[in-house]
Amino acid sequence: MIFSRIRSRRWRHALVGVLAVVALAACGGGTSQYDPFVPQRLLVFGDETSAITESGLKYSINGFTSVDNGNGTTTSVADCRALPNWVQSLASNYGFVFAECNPNHVDTTAAHMLASPGAKVEDIGVQIDGQISVGGFRDKDLATVLAGQNDIIELYQQFPGRSEEDLANDLHARGKQLALQINRLVDFGVKVIVSTVPDLGVTPYAAKQRNEFTDTDRAALLTRLTAAFNEQLGVNITLDGRFIGLAQTDIRIQAMARSLGSFGTTNVTTAACLDTTLLPDCDSTTLVAGAVDTSWMWSDDLHLAFVGQQQIASLAIDRARHNPF
């Protein structure tokens with residue numbers, strides 16, 4: 001009888017352990033996903049950092065490809081696939097191609113560009129409504145959202161006519177507003193990769209503002225305003241890795257700015273594109289003397305070049321692969 005009772009207790013303990021392991025795996029616990037998420041479509045929402053024009057131009061540095069002329073010579077031709085932006089790299093991870101950059105005329109039904117240049121937080125809801133109007137959302141949809149930079153610059157330019165506290169309060173509200181739109185996507189069953197706004201306090205624009213104005217350290221102010229937006233975005237999204245993967249781009253860009261060369265960068269302080277060539281028309285032939293299209297962090301005073309875009313892509317791909325979607 002004593003042996004029987006001991007054996008019974010041992011079996012119960014073993015059963016509890018097995019059930020705990022099964023439950024953990026079902027919830028996406030452990031070091032790997034139980035059932036890796038493979039999207040069937042990618043939907044891109046946001047501003048110019050993610051956008052591609054109808055002619056295939058990016059708001060970064062556009063690249064070229066060498067074409068063999070067949071006589072021992074080559075010609076450099078513009079190629080929208082060269083120096084991809086972050087959402088192009090994420091799409092390529094799944095074999096997807098955007099209609100805006102499809103020189104090989106392959107199927108483009110899996111990648112959809114809804115981001116638009118100049119977009120602010122209030123425009124993201126409009127972009128989502130636009131997708132609803134053309135068919136809505138499906139199971140196995142993956143969306144990306146990156147917006148807020150244009151809001152931060154708009155409000156920053158009201159300083160010192162408005163106090164920093166007032167501006168930060170507005171940015172708190174806009175960060176929360178964007179989070180609610182992201183949660184709206186989650187409610188539609190979409191898995192979402194959310195990028196925080198890069199720290200605008202480490203941009204060439206911020207450095208110029210610091211030099212021009214003496215009322216306060218304008219670069220530090222831009223960093224605080226960026227943080228005000230990102231903090232409310234972060235605390236108001238649905239904090240569940242089964243639905244949202246957060247790419248902390250602001251932290252990565254800060255690390256790049258502090259450590260020249262650690263991320264393949266040779267310049268983290270000045271813009272690569274000529275002042276006379278505005279985005280999205282900047283390409284590898286319209287750069288300042290000495291600029292390198294693959295290693296300078298900034299294309300213009302506010303927008304990331306290829307190496308910065310690829311850091312966002314790296315964060316996004318990592319979240320897409322390892323979140324328990």
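No lab work stands behind these numbers, since they all come straight from the coordinates. Not measured: the values here are computed from a predicted model. Don't worry about glycine lacking a Cβ; one is built from the backbone with ideal geometry, like all the others, and counts go over all protein chains shown.
Remarks
- D187-A78 FRET efficiency (beta carbon distance; Förster radius 30 Å; 0.05 resolution): 0.15
- Cα long-axis angle, helix 218-236 against the chain (0 to 90 degrees, to the nearest 10): 30 degrees
- Under the criterion of Cα pairs below 8 Å and six or more residues apart, the relative contact order for the chain equals 21 percent.
- Neighbourhood net charge (11 Å Cβ-Cβ; Lys/Arg +1, Asp/Glu -1) for G241: +2
- For the range 77-195, the convex hull spanned by the alpha carbon atoms encloses 124 Å³ per residue.
- Cβ-derived FRET efficiency at R0 35 Å, D215 paired with E54, nearest 0.05: 0.25
- Sum of -39500 (n - 2.57) over DSSP H runs of 4+, divided by residues of the chain (222 nm, nearest 500): -13500 deg cm²/dmol
- Once the Cα-Cα distance is subtracted from the 0.36 nm per residue extended length, the H105 to D139 segment shows a gain of 9.6 nm.
- In this calculation the C-beta distance from S163 to D301 is compared with R0 = 30 Å, giving a FRET efficiency of 0.75.
- For N267, the amide hydrogen comes within under 5 Å of the amide hydrogens of M297, counting only partners 5 or more places away or on other chains and with H modelled in the peptide plane.
- Packing-based order for 295-308, 153-166, 47-60, using average beta carbon neighbours within 10 Å, highest first: 295-308, 47-60, 153-166
- In the calculated pair-distance distribution of the chain, the portion above 32 angstrom amounts to 35 percent of the Cα-Cα pairs.
- Among N62, N230, N211, residue whose mean-square fluctuation peaks in a GNM of the chain (springs only between Cα atoms under 10 Å): N211
- Net charge dipole, the chain: roughly 2280 debye, given to the nearest 20, about the Cα centre with Cβ charges of +1 for Lys and Arg and -1 for Asp and Glu.
- Within the range 35-321, percent of DSSP bridges classed antiparallel, to nearest 5: 30 percent
- Note on the chain: lysine pairs with Cα distance below 27 Å, sequence gap of 8 or more or different chains, count 11.
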